[in-house]
Amino acid sequence: MNRPLPKRLLPTLLLAVVAALLLGQSMNPNQATLRTPAGDKTVTIARQGNQTFFSAEEVVTALGGTVTKDTNGWKVTINNVTAAFGTDSRFAVVREDLIEMPLAPLSVDGHPFVAWQFFNGFLSRASDQEAAFDPVNRVLSVRVLQRSVVNVQFSVANVQGISKIVLTLSGLVDYAIVKEASAYTVHFKTPVKPPFGEQTFDDPYVAKAAFTGNDLRILLTSPDVVGDAYRLDNPFRIVLDLRKGAAPAPGVVPPTVVTRPVEQPGIHTIVIDPGHGGTQVGAIGPAGLMEKDATMALCRKLADALSAKLHARVILTRTDDSLVSLDQRTAIANQYKADLFLSVHMNAAVVKGAKGSETYFLSLEASDELAKRAADVENAAPKAAGASGGANEGDLKLILWDLAQQSYLNESSRFAQDVQEEMNRISGITNRGVKQAPFKVLVGATMPAALVEVAFITNPDEEARIKSEDFQNTVVDALTTAVQRYKTDYETRIGVIQPVPPQPTALPATGTSAPAKTPAAPTTTAPATTITTTRTKP
Ligand SMILES: [Zn+2]
């Protein structure tokens with residue numbers, strides 16, 4: 001970064017240095033101060049637009065860690081915790097968690113430079129430290145994480161056969177809920193101040209609640225009480241709805257996560273997610289077609305087709321040009337206990353000739369660089385209006401329901417495969433295949449979920465097709481067939497419908513003992529109030 005300067009420039013430079021020192025600035029525009037409890041250190045920075053990037057090697061080495069290069073990018077390790085990142089994604093991966101950066105890291109002369117948010121996200125996970133950047137004085141401060149204690153309020157009420165436990169928290173906390181026989185444990189990952197040590201309740205399902213350290217143990221009145229957990233924002237609340245479920249079969253190990261109430265197995269409720277909306281317009285075609293409008297037009301038709309042909313209950317995550325956050329979209333699906341989730345998008349490419357469709361399912365690691373790039377583009381959505389604004393960007397981390405997601409990856413992969421195969425049948429669409437990528441909108445979905453990029457809106461030919469009624473109808477037919485195929489395949493596999501070889505259509509079986517659904521984990525935020533439901537026509 002530092003090239004020798006001609007000698008005649010030195011006096012001028014010296015003056016500048018003095019002036020900079022007087023102003024309290026660091027002297028070199030390519031340098032910043034790293035401030036740790038051990039003292040100050042000068043580190044190299046790079047700039048792109050308004051963004052400051054720090055030399056990952058210099059900062060991490062100063063903090064006692066290591067940086068290594070691999071084929072996909074770099075790996076940073078501190079205290080045996082490793083984060084991986086590359087120049088093609090603004091997400092770094094730490095264990096099963098993602099660190100979000102405002103811009104993807106840079107490679108400067110082969111050395112990695114990252115936004116300060118990387119250090120904050122990584123240090124909080126690797127060393128209980130946090131980082132903050134003061135851009136005026138160009139000081140990157142690293143200090144011990146100040147965990148403020150969060151107050152918890154506890155309430156329980158039984159209304160219409162459901163006991164609702166509401167934990168109201170004074171701040172955001174990470175937590176995990178574990179189901180045992182006759183008990184739920186809420187494990188808070190940050191210190192909490194409990195409202196009481198132990199309390200008994202005169203409630204049909206809740207016998208006792210006890211706080212021990214950062215754990216809240218809720219004792220149930222019987223082992224057949226089942227629950228649904230979800231979170232609400234403003235103020236932050238964790239809600240556990242408890243009700244009487246089916247008695248567990250003898251000898252069956254109880255699931256370790258919150259179980260969904262016993263429902264009719266099969267694919268009955270489908271959530272269709274028209275990508276983008278409101279100020280988040282998505283990609284824009286050369287003739288001006290906006291992705292948010294293209295997805296809305298297509299999804300309206302798709303919802304009609306699915307409810308008419310599959311007699312499914314179809315829910316759209318938005319029905320107008322409104323801004324719905326990515327978290328809310330899966331939260332809606334979870335809230336409606338959807339059996340299937342399909343997010344619909346139009347692709348964008350820098351390359352002019354790119355065409356065809358692509359289908360994705362969730363993974364924390366993209367299957368290739370282009371998949372990663374697609375995820376970056378789609379993930380770049382702002383929080384919906386009403387969220388607490390840009391002040392708490394550090395809280396924008398993804399909440400991963402790892403257990404829940406893992407159990408649906410196989411089904412999501414099958415569903416994505418069906419979608420891609422049907423899209424490939426549409427003539428003229430190149431097979432771009434099924435891919436895995438860390439799409440934020442698929443994170444937190446507690447059902448099989450996929451994302452389809454129907455066509456390249458940035459390609460003038462495809463943009464024109466997307467606008468045409470004929471092409472829209474063809475895509476709707478293809479997607480409806482794909483959902484039908486997946487539904488039949490899934491319901492056959494779980495024994496809800498019996499395959500009838502000589503006949504083209506399968507008949508619903510009566511009296512079969514279908515296995516219960518895969519257990520689901522707690523859902524995320526509350527649904528938007530603007531959603532509407534398209535119910536099955538009688
Ligand atoms: Zn999109």
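Points to keep in mind about this one:
- The listed residue being surrounded by fewer than 15 Cβ atoms within 10 Å (Cβ to Cβ) and among the basic types (Lys, Arg), out of Arg125, Arg138, Arg143: Arg143
- Count - residues of region 37-96 that are more than 22 Å from Arg143 (Cβ to Cβ), free of Cβ contacts under 8 Å to residues at least 60 places away in the same chain and in a strand (DSSP E or B): 11
- Residue tally, condition within 12 Å of the ligand (Cβ to nearest atom) and among the small types (Gly, Ala, Ser), over region 278-296: 3
- In region 343-355, the residues that are not assigned by TED's automatic domain parsing to the domain that holds Leu289 form no Cβ pair under 7 Å with any partner that is more than 14 Å from the ligand (Cβ to nearest atom), whether six or more places apart or across chains.
- A single entry from Ser170, Ser127, Ser155, Ser182 fulfils the requirement of being in the same structural domain as Gly49 (by TED's automatic domain parsing) and of a type in the set (S, T, N, Q): Ser127.
- Consider region 297-315 and keep the residues that are more than 19 Å from Glu469 (Cα to Cα) and crowded, with 22+ Cβ neighbours inside 10 Å. The one that is farthest from the ligand (Cβ to nearest atom) is Ala312.
- Given (1) assigned to a loop (DSSP other than H, G, I, E, B); (2) in contact (Cβ under 8 Å) with a residue 40 or more places away in the chain; (3) acidic (Asp, Glu), number of the condition Asp228 does not satisfy: (1)
- The sole residue among Asn50, Asn2 that is more than 22 Å from Arg125 (Cα to Cα), under 41 Å from the mean Cα position of the chain (by Cα), modelled with pLDDT under 60 and surrounded by fewer than 12 Cβ atoms within 10 Å (Cβ to Cβ) is Asn2.
- A single entry from Thr505, Thr488, Thr481 fulfils the requirement of being at pLDDT below 90, assigned by TED's automatic domain parsing to the domain that holds Asp327 and of a type in the set (Val, Ile, Thr): Thr505.
- Screening region 345-367 for residues that are buried (at least 24 other Cβ atoms within 10 Å of the Cβ) and at pLDDT 80 or above and picking the one that is farthest from the chain's Cα centre (by Cα) gives Ser357.
- Options Pro195, Pro191, Pro135, Pro204: the member that is in the same structural domain as Val225 (by TED's automatic domain parsing) and over 22 Å from Leu219 (Cβ atoms): Pro191
- Count of region 316-368 residues which are closer than 30 Å to Thr71 by Cβ, away from the ligand (no atom under 16 Å from the Cβ) and β-branched (Val, Ile, Thr): 1
The values are calculated or read from the model by the stated rules, or taken from the named source; none is laboratory data. Small disclaimer: the values here were computed from a predicted structure and weren't measured. We place every Cβ from the backbone using ideal geometry, glycine too, and count neighbours over all the protein chains shown.
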